[in-house]
Amino acid sequence: MDFNFVESDEHRMIRETVEDIASDYDDAYWREIDGDNFPHEFWQDCADAGLLGTMVSEEYGGEGMGLEEFVMITEEFSANGCLGVGMLFVVNIVFGTVTLEANGTEEQKEKYLPGLVNGDLNWAMALTEPNAGHNAPEMETFAEEQDDGTFVIDGAKQWISGVDRADQMLLAARTTPEEEASKRTMGITLFLVDPQDAAIERRELDVGIPTPENQYELSIDGYVAQEEDIIGTKGMGLYQLFDTVNPERLTGAAGTIGIGRYALEKAIDYANDREVFDGPIGAYQAIQHPIAEEYTELQAARELVRKAARMHDEEYDPRKVAEVSNMAKLKASEAGHEATDVALQTHGGNGFSREYTVIEMWKGTRLSKTAPGSSEMMKNFIAEHTLDMPRSY
Ligand SMILES: Cc1cc2nc3c(=O)[nH]c(=O)nc-3n(C[C@H](O)[C@H](O)[C@H](O)COP(=O)(O)OP(=O)(O)OC[C@H]3O[C@@H](n4cnc5c(N)ncnc54)[C@H](O)[C@@H]3O)c2cc1C
């Protein structure tokens, strides 16, 4: 199934590299990948080809390219059956390299970026809390500044991916109580913490969908952070996090589009082969039209994702980048999941067999309608900021 109509020579070469790596790993390989079974060989191939450092400056060993190339890489891997890639890239590459490039100090960049580029370091990011989901300013995790300049952090986080394997974790904590902050979005600071420190206790969540990273609830009790562990400016963490969450959303969105493409490709093969009455089921319009519709929806979603990524790379007004990123994420989540649903229907009963992988894709793409950032919150943002309608909450 051809999906690439217009592309530059540079993008074609990147895509061919991705296809070449992906061809070494089949569905059976990816079915075995989960939080306890990391795809080491695949990750090393990505590092060797320079893909993990796509968005990292050349001085730290990266390729010095942009988010547009990175979302393309994520989509193409997913479209070639590498189903865990969206989450693996978000957790390790976006949370790590994008955050450091945007807001890290020179020392932090020198210390961590080369290890992220060559695949030696793994990352995690802890924002979500049990009592503050989408309402992040309500977070209760607090970092109390001490007389000696250190910070003692206490609190709880929930749904944090990959903490067991992470070498470093980005942690958002209040450093000024909400009632004393000039705005409720101020007074939050980003810290780099050691997730394996004894002050951070983790409990694995029992997750009902396939994920390549384990998910955790954390309780943080007296973690001591140094001043040099702060990323960016004290009190400005939530604003700095926007530099990370838009790329996070777009990378996740690209992964979902790719999975949708892979599901449709399987649906087309199956439909052209499967005969129930006279001739293949793919000859029926009831089978063809939903596939044609979702192919078109995925193409449209990709255009939005690439446009938002290009705006990010060209440093457009951050508010505009956020607006288009939210539209892209909304469109990609809906189109990606719907494509897997159409593929499932096309496969009949076989769609529910793990052997065909379609049911795994259906479960996996459903996540993107909820996280990172739900479809409802994308619509809230578009209504309020793009359409100038009253804030509804
Ligand atoms: C597999 C997985 C991995 C994750 N990994 C990470 C991670 O690594 N790090 C991290 O920090 N977080 C992570 N998360 C958390 C994720 O980002 C949140 O679950 C997600 O943002 C939703 O927050 P919540 O679960 O608290 O939902 P809530 O905020 O409680 O929302 C519940 C429902 O209410 C709706 N809702 C809430 N407010 C409004 C409103 N104003 N208007 C309309 N609807 C509304 C939401 O859309 C949603 O449908 C992960 C989650 C999952 C499931």
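The values are calculated or read from the model by the stated rules, or taken from the named source; none is laboratory data. Just so you know, these numbers come straight off a predicted model, no measurement behind them. All Cβ positions, even for glycine, are placed from backbone atoms using ideal geometry, and neighbour counts span all protein chains on display.
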### Query
Is it fair to say ALA339 is of a type in the set (A, V, I, L, M, F, W, C) and touching a strand residue (DSSP E or B) at 6+ places or on another chain (Cβ under 9 Å)?
no
### Task
Looking for whichever is farther than 17 Å from SER219 by Cα, surrounded by fewer than 16 Cβ atoms within 10 Å (Cβ to Cβ) and away from the ligand (no atom under 16 Å from the Cβ) here; the options are ASN135, ASN118. Which one fits?
ASN118
### Query
Quick one: would you say LEU127 is closer than 21 Å to THR54 by Cβ and within 16 Å of the ligand (Cβ to nearest atom)?
no
### Message
Being more than 15 Å from the chain's Cα centre (by Cα) and either under 26 Å from TYR316 (Cβ atoms) or surrounded by fewer than 24 Cβ atoms within 10 Å (Cβ to Cβ) (or both) narrows it down to one residue among GLY66, GLY96; which is it?
### Response
GLY66
### Query
For SER392, are the conditions met, namely being out of contact with any Pro (no Cβ under 8 Å at 6 or more places or on another chain), farther than 29 Å from ASP2 by Cα and within 15 Å of the ligand (Cβ to nearest atom)?
yes
### Task
Output the residues belonging to segment 21-50 that are touching a residue at least 12 places away in the same chain (Cβ under 8 Å), acidic (Asp, Glu) and not in a helix (DSSP H, G or I).
ASP24, ASP26, ASP34, ASP36
### Query
Quick check, is THR97 over 20 Å from THR365 (Cα atoms) and of a type in the set (S, T, N, Q)?
yes
### Message
Being under 30 Å from GLU338 (Cβ atoms) and among the charged types (D, E, K, R) is the requirement here; does ARG261 meet it?
### Response
yes
### Message
Taking the conditions exactly as written (part of a helix (DSSP H, G or I), among the hydroxyl-bearing types (Ser, Thr, Tyr) and more than 17 Å from PRO210 (Cβ to Cβ)), does SER392 satisfy them or not?
### Response
no
### Query
Got a sec? Which helices (runs of 4 or more DSSP H) wholly within segment 71-150 have at least 2 residues that are within 21 Å of MET236 (Cβ to Cβ)?
99-103, 106-117
### Query
If only one of GLU376, GLU338 is farther than 24 Å from THR244 by Cα and of a type outside the set (Lys, Arg), which one is it?
GLU338
### Query
Pairs, please: C-beta under 7 Å, at least 6 apart or cross-chain, first residue acidic (Asp, Glu) and in segment 284-307, second surrounded by 14 or more Cβ atoms within 10 Å (Cβ to Cβ)?
GLU294/GLY260; GLU294/LEU264; GLU294/ALA335; GLU294/GLU338; GLU294/ALA339; GLU294/VAL342; GLU297/ALA335; GLU297/GLU338
#### Entry: Checklist (1) more than 27 Å from the chain's Cα centre (by Cα); (2) of a type outside the set (A, V, I, L, M, F, W, C); (3) modelled with pLDDT of 95 or more applied to ASP278, failing item
(3)
### Task
Starting from segment 203-215, take each residue that is modelled with pLDDT of 95 or more and list its partners that are in a loop (DSSP other than H, G, I, E, B) and within 8 Å of the ligand (Cβ to nearest atom), counting only C-beta distances under 7 angstrom and pairs at least six apart or across chains.
GLU213/GLY162; ASN214/GLY162; GLN215/VAL207
#### Entry: Per-region count, segment 341-377, residues within 16 Å of the ligand (Cβ to nearest atom) and of a type in the set (A, V, I, L, M, F, W, C)
5
### Members of segment 1-20 found to be assigned to a helix (DSSP H, G or I) and surrounded by 10 or more Cβ atoms within 10 Å (Cβ to Cβ), listed by number
GLU10, HIS11, ARG12, MET13, ILE14, ARG15, GLU16, THR17, VAL18, GLU19, ASP20
### Task
Quickly run through segment 215-226 and pick out the residues that are near the ligand (Cβ under 10 Å from one of its atoms) and of a type in the set (Phe, Trp, Tyr).
TYR216
